[in-house]
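Reviewing the structure listed below.
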Amino acid sequence: LVVLGLKESDINIPFKCVSISHTRHRVNGENIEQNTKTEQSHRTLALPDVVVEDIEALLKAHDRKYKHTDYLIQDGFGQPLNPSVLTNHITEIEDKAGLPHISVHGLRHTFASMLNSEGIDIARISRELGHSNINTTLGVYTHIFGGATSSSRGIADALNAKVTSRSEE
């Protein structure tokens with residue numbers, strides 16, 4: 001999981017961005033850190049102000065607690081958070097809110113779908129997700145996009161408007 005691989009040094013508060021370079025997850029019962037899958041997966045993303053504020057509060061909390069790691073997401077004892085704990089927290093939140101269960105990776109699909117529904121170009125979505133090419137994004141997420149991205153829907157609608165206005169003349 002990318003978020004569990006983030007270290008304090010990956011966060012640039014003044015520029016409101018985060019560098020994605022490694023992940024942490026469980027493999028055969030062991031927590032491991034790995035570099036991102038591809039060179040394109042290593043990227044820098046802008047952060048919304050609300051997230052920067054939350055990160056600043058988290059960093060202040062780190063200073064007041066045990067400090068055994070520079071991972072951004074820690075347990076109550078200053079150790080890197082176990083990936084299964086994050087999954088359990090998400091499940092608890094879903095249950096309390098009456099939401100359907102979704103995997104942590106499913107949140108990535110939700111993110112892509114939300115960007116697409118806001119009219120974000122598929123090439124930009126692909127870069128944000130760290131895919132090596134746009135075909136990966138289209139191949140994996142087309143079912144979420146309803147078979148057509150919102151940017152292609154916008155093009156189709158614009159063409160339709162042109163054709164309709166010409167036939168009315």
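Tell me, how many Å apart are the Cα centres for the stretch 3-58 and for the stretch 91-111?
20
Please report the relative contact order for the stretch 10-54, taking Cα pairs under 8 Å with a sequence separation of at least 6, and give it as a percent rounded to a whole number.
Working: 54 pairs, mean separation 18.2, N = 45.
Reported relative contact order: 40 percent.
At q = 0.14, 0.20 Å⁻¹, work out log10 I(q)/I(0) for the stretch 18-135 with the Debye formula, treating every Cα as an identical point scatterer and leaving solvent out; two decimals please.
For the stretch 18-135, the Cα-only Debye profile gives -0.80, -1.49.
Subtract the Cα-Cα distance of N82 and H105 from 0.36 nm times their separation in residues, and report this length gain in nm to one decimal. Can you show the working numbers first?
Details: separation 23, 0.36 × 23 = 8.28 nm, distance 1.59 nm.
Result for the pair: 6.7 nm of gain on full extension.
How would you classify the stretch 38-98 from its alpha-carbon gyration tensor, with a ≥ b ≥ c the square roots of the eigenvalues: rounded for a/c under 1.5, else prolate if a/b is greater than b/c, otherwise oblate? Numbers along the way, then the final one.
Working: a/c = 1.36, a/b = 1.06, b/c = 1.29.
It comes out rounded by the Cα gyration axes.
Computed from the coordinates by the stated procedures, all read-outs in this text should not be read as laboratory data. All of these numbers come straight from a predicted model, not from anything done at the bench.
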